[in-house]
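Heads up, the thing below is written out as structure tokens.
A short reminder: the numbers here are calculations on the coordinates, not readings from a lab. Keep in mind that this is a model prediction, so the values were computed, not measured. Positions of Cβ are backbone-derived with ideal geometry, glycine not excepted, and every protein chain shown enters the neighbour counts.
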Amino acid sequence: MPLLILNSRLSIPNNFPVLAQVRTMPQTLSPQAAIARLFTSPQIQSEWFAPSFLSVAPLTQIEEIVKQINGSLGKYREVQQEGDRYLIIFDRGSVPASIHLDEQGRFVGLFFGPPRLNAIRLEDAISQLKTLPGDVSLFVSKNGTEQASLNPERPLAVGSAFKLAILNALTRQIAAGQHQWSEVVALKSNWKSLPTGILQDWPEGSPLTLSTLASLMISISDNTATDALLEVVGRDAVEAFSPHNRPFLSTRAAFILKNPENAALLQRYRQGDETTRRQILLELQSLPLPGVEMFAAGKPLALDVEWFFSTRELCQLMENVAPLPLMQINPGIASPADWKSVAYKGGSEPGVLNFTARVEDEAGQSYCISATWNNKDAIDQTRFQGIYNGILLGLKVK
């Protein structure tokens with residue numbers, strides 16, 4: 001996936017010579033001039049970037065990022081300085097950026113924040129979403145009442161947004177007195193999954209409260225914390241919030257099923273009924289995780305091995321847990337400066353993207369916006385995120 005906009009940042013070293021210059025650059029080259037050249041020149045030159053930058057972000061990757069931004073936001077207009085950061089203005093929106101040049105005027109640091117389209121009316125956002133290839137769903141509510149939607153009942157793969165269902169099951173059991181947030185469990189080896197997250201690297205037996213596990217599951221999408229909580233609350237309890245996922249997969253099971261070395265097992269899983277699938281999940285417990293490099297190619301892989309929710313369902317799950325303090329840790333792609341409160345959980349893998357946020361303004365009006373895109377080919381995250389942020393901005397200015 002392109003470097004641009006995964007969790008609000010993009011790292012690219014920055015360097016911006018005058019068009020006539022190729023090998024050398026004046027020390028007086030400003031960050032504004034460097035950015036202007038990057039987005040207006042017919043061809044990006046490697047000489048604009050320090051070798052240390054290109055060792056991390058190849059020129060082809062930089063070209064793809066610039067192409068995505070231009071394609072989503074239109075023609076470059078100007079750069080505005082905001083303290084030690086910059087705002088890059090385009091015809092249809094803007095991108096916040098942090099820019100660092102060396103003494104030769106070459107990029108040594110370049111960070112792009114989430115692109116923000118100019119405020120979009122809901123009907124215009126739906127029109128734009130309809131042009132995307134594959135399957136798209138949108139649900140927008142205000143104070144719990146539907147405001148706009150596109151295929152809101154269609155269950156689609158949502159990546160880690162499924163973790164909202166586990167949190168709902170946990171909060172229900174805590175309310176019923178079955179568990180407490182302060183309850184401590186010891187980290188088990190069979191809970192360990194692949195990243196995202198940090199707990200996969202922690203020693204077995206590490207003591208963790210349920211509050212810590214839930215916070216890691218939501219704020220950094222820790223897969224090991226997720227599988228731990230799935231076992232703590234029980235698969236049946238989570239399935240009560242997840243009608244399209246029977247049996248409900250752990251992240252570890254999903255990774256093992258997606259492993260091409262387990263193709264025969266995957267075929268049995270696909271062809272099996274619910275009883276057969278539950279039996280296969282027991283068989284998976286003795287199999288090792290694949291290497292994380294298996295997913296590095298960025299190509300969609302067994303997208304039927306996923307978690308399926310409609311955007312209407314995700315907003316309901318979000319409304320249930322939005323008041324929890326842990327939902328405020330990571331605002332995701334929503335800007336906390338724009339809202340009194342932001343609760344967020346998204347999800348992605350190659351071919352799958354979901355953003356779900358519940359925001360509240362200073363007047364006490366709350367909005368839930370859930371958008372999902374599935375496609376058998378790679379997804380243009382910049383474009384989809386730009387539309388989503390345009391919706392948020394449009395709701396803010398109402």
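Numbers at a glance
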quantity	calculated
Relative contact order [Cα under 8 Å, 6+ residues apart], the stretch 31-113, whole percent	27 percent
Neighbour count of at most 10 Cβ within 10 Å plus DSSP loop: longest GluC sites (Glu not before Pro)-free window in the chain	104-361
Given 163/376; 258/376; 142/396, the pairs whose alpha carbons are separated by over 19 Å	163/376
Length-normalised contact order for the stretch 91-155 - Cα pairs under 8 Å, 6+ apart - percent	22 percent
Prolate/oblate/rounded label for the stretch 31-113 (Cα gyration tensor, a/c 1.5)	oblate
Mean separation of Cα contacts under 8 Å, 6 or more apart, over the residue count of the stretch 163-295: relative contact order %	24 percent
Largest-first principal axis extents of the Cα set of the chain (Å)	68, 49, 40
Theoretical ellipticity at 222 nm over the chain - DSSP helices of four or more residues, -39500 (n - 2.57) apiece, nearest 500	-10000 deg cm²/dmol
The stretch 166-240: translational diffusion in µm²/s, Stokes-Einstein, Kirkwood Rh over Cα pairs, 20 °C, 1.002 mPa s	176 µm²/s
Shape call, the stretch 163-295: gyration tensor on alpha carbons, a/c limit 1.5	oblate
Set of aspartates and glutamates with alpha-carbon distance to residue 340 below 17 Å, sequence-local pairs under 8 removed	319, 360, 361, 362
Coil-residue trypsin sites (Lys or Arg not before Pro) of the stretch 256-362, DSSP, other Cβ within 10 Å capped at 14	340
Hits among lysines - C-alpha to C-alpha of residue 67 under 18 Å, sequence gap 8 or more where chains match	75
DSSP-assigned coil residues among trypsin sites (Lys or Arg not before Pro) in the stretch 61-106, each with at most 13 further Cβ atoms within 10 Å	75
